[in-house]
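Colleague: Structure incoming, see below.
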Amino acid sequence: MGRVIILGDSGVGKTSLMNQYVNKRFSNQYKATIGADLHVLLTKEVMVNDRLVTMQLWDTAGQERFQSLGVAFYRGADCCVLVYDVNSSKSFETLDSWRDEFLIQASPHDPDNFPFVVLGNKVDVEENKRQVTQKRAMTWCQSKGNIPYFETSAKEAINVEQAFMEIAKNALQQEAEVELYADYPDPIKIDSESTQNYGCNC
Amino acid sequence: MTASGPSASPGSLSTISTDSMVQITRNDDDERTGPRAPHMDQLLWSKSKVYVHPTAYARDNIPGFVALTKRDGLNPTYLLAWIPETLLDEKGRDEWEKFTKVEAKPAELDDDIVLVDLPSRGESYAFSVPLSSVYSLIVHPPSLSSWYGSIGINLIDGLNLSTLHFHDDESHSLTQGQTSYSWGGEDLLQRLRQYANLLRSSLQPTLFLVDPSRQDIETHSTLLFNDDSVDSILHTSSPVPPHRRPRPQSISLPASPDAERTRGHSRRNSILHQTFAPLAPASPSSQARSALLAGFSNITRATRHAAQNILSHPLAKPILPHLPDPVKSLVNANGEWSSWVEKGGVGEFESARIYLARWARIVAEEGERSRRKEAQTIPAESTSTEETSDLGVFELLRSTISSSQPPPKASREPQRPVDRRAWEKFFNKDNSGRPRVSFAEFRHEVFKRGLTPGLRRTAWPFLLGVVPWDVDAEERERIWAEKKAEYARLKGAWCGVPEVFNREDILDERHRIDVDCRRTDRTQPLFASVPEKRDMASSFSPNIQDIGAQPPSNEHVDTLAGILLTYNLYEKQLGYVQGMSDLCAPIYIETGADEALTFWCFVDVMERMKQNFLRDQSGMKKQLLTLQQLIAVMDPEIYRHLEKIDGLNLFFCFRWILIAFKREFAFDDVLKLWEVLWTDYYSNQFILFVALALIESHRDVILRYLVEFDEILKYCNELSGTIELDSTLAQAEVLFLSFAQLVADIDRRTEEHKHTRVQLRRRKSTAKDGTVVNAPATPSEVAALDKMQLPTISENLRELLKSGRDK
Ligand SMILES: Nc1nc2c(ncn2[C@@H]2O[C@H](COP(=O)(O)OP(=O)(O)OP(=O)(O)O)[C@@H](O)[C@H]2O)c(=O)[nH]1
Ligand SMILES: [Mg+2]
């Protein structure tokens, strides 16, 4: 089972992308993901190298205030998806801090090789609204260790399937590598450390 | 698996078809005698779509028929056989039909005899073996982790045949529903019992010995295969690690009076497993069952949708054959269940366990409903305890701690809400606008009855404290006029003031607010309309640079955003936090888009809920901690379960509390719930009892099926839109009252204990000679006292007893 966490500014379309992938539908009725909603978990069997696997996709809230909760879920992730809206340069500029934050909180064994995938979403919108060029995005991705990059539209289902295929592949590879570390904490468990993080004194 | 695969078999299909024979490829001594003469055996019983799974890949699965045959002779031999469909294809249509015919109608004594020739062992995993050569069967009925269930066959010579997997869903469609409603493997076992003695091992419950030797009987002795064994197998044999296994914990099947009587025979631990029972058409228990199931046809719309959604799910397929007819009729009924799916946003893929849990829940609810209905039609049976037994758990709880008082009852009467006429009666007739009833009485009425929709606009400002209760109309007007002016002033600080409106930090807030308002309650008429020719930007949103592609706004969406921005400047320390738009939008709608009124109502709502939005999350943490402690005293079993699965952080309640169940109930129910919460009638934190009520009403499912933290989270997130408000509130009320009783009880006993201790210490006894000596408590006496350790009631918990505005 691959565990995937999806990060990015509020409103870039994280929830929409997941629903497009998992349910093959787009609706503009999705509400802002808040609080514990961030753990909505969807599993899907995907064909990767001809094998059936399960993926858990964790949707998170875009607002920093709720990230203190999300942190508990960073740790078990096998792949981190960074989403921005190609029509908002601001949402692109924050990718750096999303990535850094993830690496700090998740503290993977091999941060340099931890799999990320970047999605530039909402490419269905008219070209003249576009604020981030493909070149700019790809340059950034290359500079961060050749992160795979996809331009998607959750609305028109453009490239969504392909992007998640790549995500699944990365997650599974990572999972296989992680299993080599015998003492690696069970990713499903919210261990005491992260519980403390949340501070519920449990 | 030792049966040879196709690759290992040099035998060719042509050999088979010409000789009606199968090339033997195994190295078995008894079968190496070359092609045998064709035996024509009588086909007694067969079952289609029984698969062999040679590899872990589904694409390699081989479908076939399992069959029981009889070979005549001096002593007839009975054989167990499996033949792949491909071999039947070779033999042609007629051969196929023999099997499907017998499957639909197993051979009885006087039936036409259907003769078939079966391969013994070899090609494509086919086999047919005399029952006398079968040593044992390993039976795995369908379980949460394996949908189809399987039977493995061990031979006396120590070899084992390919494990058979019963794909009942496919088989069912093939035979157009003529098969029985039980698991295919169970059918086979039942049938086998006619020809052999089956002994279920007490050592390994999945193991069934075939015609066991005396010695084996002694070692494995236990009762023969009976109705309940499938149940027990399910509980003990799943390959799931122990902590993940469904617990044999009672989701009690609603017991009708009839069922009660036949309990010994038909009661099962779970509704889920209950469906695997063979349906005996005429037995008394089945009459009780059908009476019970008749209730299924009377289900409400909401649940019907839920049931349709779940049952139409691909994962439900294996279960369908086992469902009672009334439930089955829900499957793919021409309903709008797809919209339900859309709303739930869950779609086609989710883990089987959660899915099963939801299914179990629905069936349980229906059973409960029909049980209640039955109880109504048989008034003699409905005793006074009947009512409270709906509320399940805390009866248990009461019996352990607080048994002295009668069980509390819910008092709400939501079916007769306060309407305009009743409202007017709250006030003096002299038109002064002075109330005749106290504020507390007014709040009590709202708690008990709720408000009619049209009255909310009038009554909410009182309830929330926007305008005072105990003044006359004139005074109220004056106060309101002030507030209105104040709002205009607050709004004026940004509206039409570009230096503020376009300030860097305000731009950020505007962006956040704008993005959310465009996604809040857009199905409500006010927010739904979208004017034509509307650019993505609006009068409110920050310049196009930052908004990206968001759904179009409208006038009301912009006004809502403006209210939130004003609040942001009014309550500076919070900033806009996601969730605020969820709290504000319903007020805007109910006040009829009255901007100033919405603002001030929202201010008061936020007074109550501000703690939820603090930057350090301290308010949320505190509430979740209190809820955790509440669970610990009210339902220790659930508490321990959550502890075990690392669920004590109660993440799954986060959204419930943060926005007061806004996302969990239907819009109209949210309004009803909120006005109840705003009354502060029993407790200023009544919301925690609502949360507890929800957990309690799903406790069986949680205990039984949800054994990982993320499962519980997903399950609870998806309860959204399926929860009945009034019964939840009734339960919350009873829970509160039980809690209050419990605290009183604990306090009383703590006092008593103290007292006893003092007395023990002072105890004197009179010695034989008449002198009085000190006789301090013995250590065992003290230990006995300590053992009766009462739960401690934390400060947080005591705060729950505070009500009204007595802060
Ligand atoms: N045109 C267009 N709009 C989109 C697309 N994806 C999402 N949207 C819209 O963008 C808005 C935000 O989408 P969400 O999926 O809720 O965004 P999110 O990233 O989950 O936001 P948070 O939950 O607040 O973090 C919604 O109104 C969507 O309808 C897309 O591919 N094209
Ligand atoms: Mg979202």
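Colleague: Exactly one condition in (1) modelled with pLDDT under 85; (2) closer than 13 Å to B:ALA126 by Cα; (3) surrounded by 15 or more Cβ atoms within 10 Å (Cβ to Cβ) is not met by B:GLU90; state its number.
Modeller: If we test B:GLU90 against (1) modelled with pLDDT under 85; (2) closer than 13 Å to B:ALA126 by Cα; (3) surrounded by 15 or more Cβ atoms within 10 Å (Cβ to Cβ), just (2) comes out false.
Colleague: Being assigned to a helix (DSSP H, G or I) and free of Cβ contacts under 8 Å to residues at least 60 places away in the same chain is the filter; apply it to the range A:7-34 and report the residue that is nearest to ligand 2 (Cβ to nearest atom).
Modeller: Residue satisfying both the conditions and the ranking: A:THR15.
Colleague: Quick one: would you say B:SER618 is surrounded by fewer than 19 Cβ atoms within 10 Å (Cβ to Cβ), of a type in the set (Gly, Ala, Ser) and at the interface with chain A (Cβ under 10 Å from one of its Cβ atoms)?
Modeller: Judged against the criteria, B:SER618 is a match.
Colleague: Another question about this same structure. Quick check, is B:THR206 under 22 Å from B:PRO84 (Cβ atoms), surrounded by fewer than 21 Cβ atoms within 10 Å (Cβ to Cβ) and either modelled with pLDDT under 85 or among the polar types (S, T, N, Q) (or both)?
Modeller: No: the conditions fail for B:THR206.
Colleague: Criterion first (over 13 Å from A:VAL86 (Cβ atoms) and either out of contact with any helix residue (DSSP H, G or I) (no Cβ under 6 Å at 6 or more places or on another chain) or away from ligand 1 (no atom under 12 Å from the Cβ) (or both)) does A:GLU151 satisfy it?
Modeller: no
Colleague: Further question: With A:VAL4, A:VAL71, A:VAL40 as the choices, which residue is facing another protein chain (nearest Cβ under 7 Å) and either away from ligand 2 (no atom under 12 Å from the Cβ) or at pLDDT below 75 (or both)?
Modeller: The conditions single out A:VAL40.
Colleague: Here's something else I'd like to know. For the condition at positive phi and modelled with pLDDT of 95 or more, what is the one hit in B:ALA691, B:ALA660, B:ALA596?
Modeller: That would be B:ALA660, the only listed residue that is at positive phi and modelled with pLDDT of 95 or more.
Condition check ((1) surrounded by 11 or more Cβ atoms within 10 Å (Cβ to Cβ); (2) part of a strand (DSSP E or B); (3) modelled with pLDDT of 50 or more; (4) not small (Gly, Ala, Ser)) across all residues:
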{"site": "B:ASN27", "(1), (2), (3), (4)": "no, no, no, yes"}
{"site": "B:THR33", "(1), (2), (3), (4)": "no, no, no, yes"}
{"site": "B:ARG59", "(1), (2), (3), (4)": "no, no, yes, yes"}
{"site": "B:TRP82", "(1), (2), (3), (4)": "yes, yes, yes, yes"}
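Colleague: Is one or more of the residues making up the range A:96-104 modelled with pLDDT of 90 or more and within 12 Å of ligand 1 (Cβ to nearest atom)?
Modeller: yes
Colleague: Give A:VAL53, A:VAL86, A:VAL12, A:VAL22 a once-over and let me know the one that is within 16 Å of ligand 1 (Cβ to nearest atom), at pLDDT below 90 and among the β-branched types (Val, Ile, Thr).
Modeller: A:VAL22
Colleague: In addition: Which of the following residues is within 14 Å of chain A (Cβ to nearest Cβ), modelled with pLDDT of 70 or more and farther than 16 Å from B:TYR588 by Cα: B:PRO542, B:PRO531, B:PRO552?
Modeller: B:PRO552
The values are calculated or read from the model by the stated rules, or taken from the named source; none is laboratory data. Note that the coordinates shown come from a computational prediction; the quantities given were computed from them, not determined experimentally. Using ideal geometry, Cβ is built from the backbone for each residue, glycine included, and neighbour counts are taken over all protein chains shown.
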